[in-house]
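> Got a structure for you, written out below as structure tokens; questions coming shortly.
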Amino acid sequence: MPRSEGGGADGGRTDAERTADGRRDPGRTDGDRVPPHRSLLVRLLATSVLIAVCAIAATAWLTVRTTTGAIRQEQGRILTDDTHLYDTLVGRAATHRDWSQVDGLIGELASSTGRRIVLTTRDRRTIADSDPKAPRPDRVSAVIDPLHVAPAGSADADRIDPRVIGPYRLTADARAKLRAAADRLQACLERSGAPATRIDRPSGRPVIRIGNDDAAIRYKITGVCPTAELDTPTEPERKALDRLNALAAKCLRDRHESVVGVGLDFIAINPAVQDCVDTARRVQLTPYVAPPALLFIGDAQVPAVASVGLDLSPANTTRIAGVTGLVLVLTVSSTVLVGRRLVRPLRALTTAARGPGDGHARVPVTTNDEIGRLAAAFNDLSARRERAEEQRRAMVSDIAHELRSPLNNIRVWLEAAEDGVAEPDGDFTTSLLEEALQLQHLIDDLQDLAAADAGVLRLHREDVFVRDLLHQVATAHRAAADSAGVTLTVRTEGDPKLYADPVRIRQMIGNLVSNGVRHTAARGSVEVSAVCADTEVRIEVRDTGQGIEPEELPYVFDRFWRAEKSRSRSTGGSGLGLAIVRQLTHAHDGTITVRSTPGAGTVFGVTLPVVPAERARELASDPLRPT
């Protein structure tokens with residue numbers, strides 16, 4: 001039987017409006033064109049443009065209105081927090097000789113600022129960490145050294161923090177006396193018309209400030225407001241100043257500068273002298289402060305806004321307009337491209353579906369998305385439809401051929417009897433009966449196949465012992481096997497049992513046995529065997545007949561297929577037996593296979609479940625039901 005693989009000469013057709021010979025498709029008219037306002041492409045394009053314009057406009061407006069102010073506020077907060085962290089830790093180092101017990105302060109600062117804070121030695125050994133489990137920030141934010149503090153707005157760390165007191169700290173009695181003297185000086189200045197305020201230095205020594213000038217204690221208001229009492233160092237301060245001047249003098253002599261002394265303000269007019277004084281102070285104060293430390297500051301929380309701001313300058317306005325236009329162009333272009341890719345296969349599918357019923361048109365599969373898969377499914381459906389159509393035509397031809405032969409024989413015998421050529425004796429009646437039985441057998445087979453195809457084939461299931469059933473089949477076909485000189489045997493392992501329709505199982509195995517006997521030469525053999533494996537029973541019919549060519553194996557279960565292409569009656573059968581076996585096997589939830597070696601024989605194998613799926617569901621829903 002010729003078979004089609006579902007290919008079509010027009011499967012690669014790219015013009016969806018014309019047939020393969022160039023004529024317009026008669027199934028398509030100008031009235032089938034979709035109006036522009038209902039076109040999928042136009043609607044997709046309009047929706048995309050509207051969404052893009054709205055998104056761009058809203059984003060630009062929100063960005064201009066909120067980003068700059070929010071960023072500046074965030075940057076100011078971060079700068080304030082960083083300054084506060086640096087100043088607090090410098091003050092801690094200025095008033096303590098080491099970094100012990102600084103963990104509490106680090107935790108408080110981290111909690112109040114929301115920042116990750118890590119303090120390490122110069123060789124980066126951790127002193128305190130607000131989040132030890134997290135990785136340390138890579139960049140050093142600042143060096144905490146109260147003897148080398150950078151003035152605000154400067155990158156040079158050359159100032160000594162005023163909170164470093166060292167040996168200049170006053171006792172409580174000295175502080176009380178100096179404050180009393182400062183109060184008297186303040187009152188004197190106010191009486192003289194010079195409003196003054198008192199400021200206490202970290203060492204406890206008071207300073208009188210007149211306006212913005214804190215040098216009031218350095219110049220003499222002769223005869224009016226004496227300042228000698230505030231200018232005189234206490235005994236501890238004098239000793240500390242002597243030590244400081246000695247260190248500074250050594251530095252000045254090394255630099256070949258004149259040796260001068262400094263007071264409690266630590267200020268020298270000559271820059272070279274001031275440099276030596278600062279160096280001497282650092283040497284003197286080093287034992288009283290914590291060693292220098294490295295400060296790492298990280299972000300414990302992600303900032304709410306970006307780190308750059310926008311303004312509405314002409315350049316930025318032009319830039320925003322250009323970017324907006326570019327985004328709009330890209331949106332329109334991409335939408336048109338995608339829309340065309342979506343619409344093209346849909347139009348091809350519509351044209352192919354509206355084509356002639358016998359055209360079996362194909363559409364090109366250009367994508368691997370949902371539409372591409374739809375096109376592939378359509379092509380597969382068209383191919384299966386084409387194959388079904390060819391099988392239907394072949395089946396009608398085969399049925400006509402099978403019916404014609406016995407009917408012709410009956411007509412010929414009856415005409416011969418009518419003309420007096422044949423004598424209506426016993427042989428005459430037997431011949432007519434054989435032809436009638438052939439017709440009845442063919443009709444019964446067709447009826448079984450039609451019922452199976454329609455899903456109305458009724459099965460009357462019951463417990464079936466396979467060994468007994470196989471012996472019944474062998475007994476029924478023993479006479480035909482003996483007359484053909486074929487040995488028919490049955491072999492079973494144990495006594496397997498099925499829940500199946502015994503009549504249909506006998507019909508199924510009988511067809512296989514009859515087929516084997518028919519195609520096995522004299523002195524050959526046909527063996528029927530059964531074996532149970534777990535939840536399945538495997539039944540095999542093995543013959544030593546002529547076998548089947550490998551290229552013919554896929555078609556052995558097709559209706560009206562015969563190994564004998566001449567369809568000679570000498571081989572018997574209607575060509576429906578194996579097709580019925582396959583349908584009955586499927587009706588019992590089983591599978592059937594065939595393997596053959598030309599010239600050596602063929603093996604048909606039927607695998608059936610011991611308990612079919614429907615029966616298993618019944619048992620599962622009712623555990624008390626007997627199996």
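> Could you check how many residues of the range 98-136 are part of a loop (DSSP other than H, G, I, E, B) and among the hydrophobic types (A, V, I, L, M, F, W, C)?
Of the residues in the range 98-136, 3 are part of a loop (DSSP other than H, G, I, E, B) and among the hydrophobic types (A, V, I, L, M, F, W, C).
> Could you check R28 against (1) farther than 30 Å from V323 by Cβ; (2) surrounded by fewer than 16 Cβ atoms within 10 Å (Cβ to Cβ); (3) at pLDDT below 70; (4) not acidic (D, E) and say which number it fails?
Going through (1) farther than 30 Å from V323 by Cβ; (2) surrounded by fewer than 16 Cβ atoms within 10 Å (Cβ to Cβ); (3) at pLDDT below 70; (4) not acidic (D, E) one by one, R28 breaks only (2).
> With respect to the numbered conditions (1) in contact with a helix residue (DSSP H, G or I) (Cβ under 8 Å, 6 or more places away or on another chain); (2) surrounded by fewer than 19 Cβ atoms within 10 Å (Cβ to Cβ); (3) closer than 29 Å to D278 by Cα; (4) not small (G, A, S), which one is the sole condition not fulfilled by L105?
(3) is the only condition that L105 fails.
> I'm checking my understanding of the structure. Among residues of the range 413-438 that are at pLDDT below 75 and surrounded by 17 or more Cβ atoms within 10 Å (Cβ to Cβ), which one is farthest from R559 (Cα to Cα)?
E435
> Something else now. Mind checking which residues of the range 473-496 are farther than 19 Å from V537 by Cβ and touching a helix residue (DSSP H, G or I) at 6+ places or on another chain (Cβ under 9 Å)?
Result: A476, H477, A480, A481, A484, V486, T487, L488.
> May I pose another question? In the range 451-483, which residue that is aliphatic (A, V, I, L, M) and open to solvent by 40 Å² or more (accessible area, probe 1.4 Å) is nearest to T535 (Cα to Cα)?
L459
> Between a first residue in the range 417-428 that is assigned to a loop (DSSP other than H, G, I, E, B) and a second residue that is surrounded by 13 or more Cβ atoms within 10 Å (Cβ to Cβ), which pairs have beta carbons less than 8 Å apart while being 6 or more apart in sequence or on different chains?
Every condition considered, the pairs that remain are A422/W413; A422/A416; A422/F428; E423/A417; P424/A417.
> If we keep just the residues of the range 175-207 that are in contact (Cβ under 8 Å) with a residue 40 or more places away in the chain and within 30 Å of D275 (Cα to Cα), which is nearest to the chain's Cα centre (by Cα)?
Once the filter is applied, the top-ranked residue is P202.
> Just to verify a result, which residue in the range 525-542, among those that are touching a residue at least 60 places away in the same chain (Cβ under 8 Å) and either over 49 Å from the mean Cα position of the chain (by Cα) or open to solvent by 80 Å² or more (accessible area, probe 1.4 Å) (or both), is nearest to R491 (Cα to Cα)?
By that ranking, first place goes to A530.
> Scan the range 100-127 and report the pairs whose first residue is more than 14 Å from A293 (Cα to Cα) and polar (S, T, N, Q) and whose second residue is open to solvent by 40 Å² or more (accessible area, probe 1.4 Å) and in a helix (DSSP H, G or I), with Cβ atoms within less than 7 Å and a gap of 6+ or a chain change.
As it stands, the answer is none, since no pair meets every condition given.
> Being in a helix (DSSP H, G or I), within 30 Å of P291 (Cα to Cα) and modelled with pLDDT of 85 or more: is that true of P146 here?
no
The values are calculated or read from the model by the stated rules, or taken from the named source; none is laboratory data. Note that the structure is a prediction, hence the values are computed from the model and not measured. Methodologically, a virtual Cβ is constructed for each residue, glycine included, from the backbone with ideal geometry; neighbour enumeration extends over all protein chains shown. What goes into the accessible areas is simple: the full protein's heavy atoms, side chains included, and nothing from ligands, DNA or RNA. Shrake-Rupley method; radii C 1.70, N 1.55, O 1.52, S 1.80 Å.
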